[in-house]
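Here the structure comes first, spelled out in structure tokens, and everything after it is commentary.
The values are calculated or read from the model by the stated rules, or taken from the named source; none is laboratory data. What you are looking at is a predicted structure, and each value in this text was computed from that prediction instead of being measured. Ideal geometry is used to build each Cβ from the backbone, glycine not excepted, and the neighbour counts take in all protein chains shown.
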Amino acid sequence: MTTDMSFLSLVLEASPIVQLVMLSLLMASVASWAVIIRKRGALREALRRADRFETEFWSGADLTALYRRISGREEAATGMEGIFEAGFREFGRLRSQEGLTPGGIIEGCLRAMRVSQMREVDRLEQSLAMLATVGSTSPYVGLFGTVWGIMNAFRALGNVQHATLAMVAPGIAEALVATAMGLFAAIPAVIAYNRYADQVGRLESRYDTFMEEFSTILQRYARGTVKEA
């Protein structure tokens, strides 16, 4: 007598609880891959826009013209462009008010830029927590399915007088499939989370550096040491 030990048969012949575990792991894997693909495109676009804007900004472009071009778009500015737009808009608004010192103007600009930065970082970090959750919990969910399947396999042995490996092997094999599926869901999620979290951190550091450099330029404008074109 032969036993079908193919992957599909192991899944179909598993107990309902183990099948439910496998289904949940499959759904978690599909959802995490959707996040991985979408987040990869979003971070690549953010890096590309940051590189392009920094090249234009430090090429000596007129800041007023650059601000008008960015603010004149139909779509809202994001990333480093959004930080620049928020800071320059606040600079123009505060500079027109009387009684404000250059330090007060720059402090207001920095606050506006920080708000824009936090919104951008929050947008980039969106769904990363989901990857971390899948990566940290999937192995344990798979292990639960494995333990449950092995318990059922050994419980069935109590009804026979002579237990053999052939009798218990299918039950253990189908239980171990749950562990394999848990690892299959967890490993890509953990790798993607670590990679994307590092990229978001690097972008945040670049935004911080740009805000400090841009605030220095605005401070010179505020003090009148540099005339605005």
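Could you please find all residues in segment 130-149 being closer than 15 Å to residue 179 by Cβ and of a type in the set (S, T, N, Q)?
137, 138, 146
So, residue 115, is that one over 28 Å from residue 17 (Cα atoms), assigned to a helix (DSSP H, G or I) and β-branched (Val, Ile, Thr) or not?
So residue 115 fits the description; yes.
Could you please find all residues in segment 65-92 being modelled with pLDDT under 90 and part of a helix (DSSP H, G or I)?
71, 92
Return the pairs, sorted by first residue and then second, in which the second residue is outside any loop (DSSP other than H, G, I, E, B) and surrounded by fewer than 13 Cβ atoms within 10 Å (Cβ to Cβ), the first residue lies in segment 42-63 and is of a type in the set (Val, Ile, Thr), the beta carbons are less than 6 Å apart, and the residues are 6+ apart or on different chains.
No pair meets every condition.
With the structure loaded, tell me whether residue 70 is of a type in the set (A, V, I, L, M) and over 30 Å from residue 137 (Cβ atoms) or whether it fails that test.
Spelling it out, residue 70 is indeed of a type in the set (A, V, I, L, M) and over 30 Å from residue 137 (Cβ atoms).
Each row is one residue, and each column tells you yes or no for (1) closer than 18 Å to residue 23 by Cβ; (2) at pLDDT 90 or above; (3) of a type in the set (Gly, Ala, Ser); (4) touching a helix residue (DSSP H, G or I) at 6+ places or on another chain (Cβ under 8 Å).
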{"site": "151", "(1), (2), (3), (4)": "no, no, no, no"}
{"site": "155", "(1), (2), (3), (4)": "no, no, no, no"}
{"site": "163", "(1), (2), (3), (4)": "no, no, yes, yes"}
{"site": "183", "(1), (2), (3), (4)": "yes, yes, no, yes"}
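Tell me which residues, restricted to segment 59-91, are in contact with an Asp or Glu (Cβ under 8 Å, 6 or more places away or on another chain) and among the hydroxyl-bearing types (Ser, Thr, Tyr).
Scanning segment 59-91 gives 64, 67, 71, 78.
Kindly evaluate residue 31 against the criterion of being aliphatic (A, V, I, L, M) and either farther than 30 Å from residue 209 by Cβ or out of contact with any helix residue (DSSP H, G or I) (no Cβ under 8 Å at 6 or more places or on another chain) (or both).
Yes.
Farther than 24 Å from residue 125 by Cα and over 28 Å from the mean Cα position of the chain (by Cα) - does that describe any residue in segment 41-57?
So far as segment 41-57 goes, no, none of its residues is farther than 24 Å from residue 125 by Cα and over 28 Å from the mean Cα position of the chain (by Cα).
Can you work out which of the residues in segment 108-133 that are surrounded by fewer than 16 Cβ atoms within 10 Å (Cβ to Cβ) and basic (Lys, Arg) is farthest from the chain's Cα centre (by Cα)?
Here the residue is 111.
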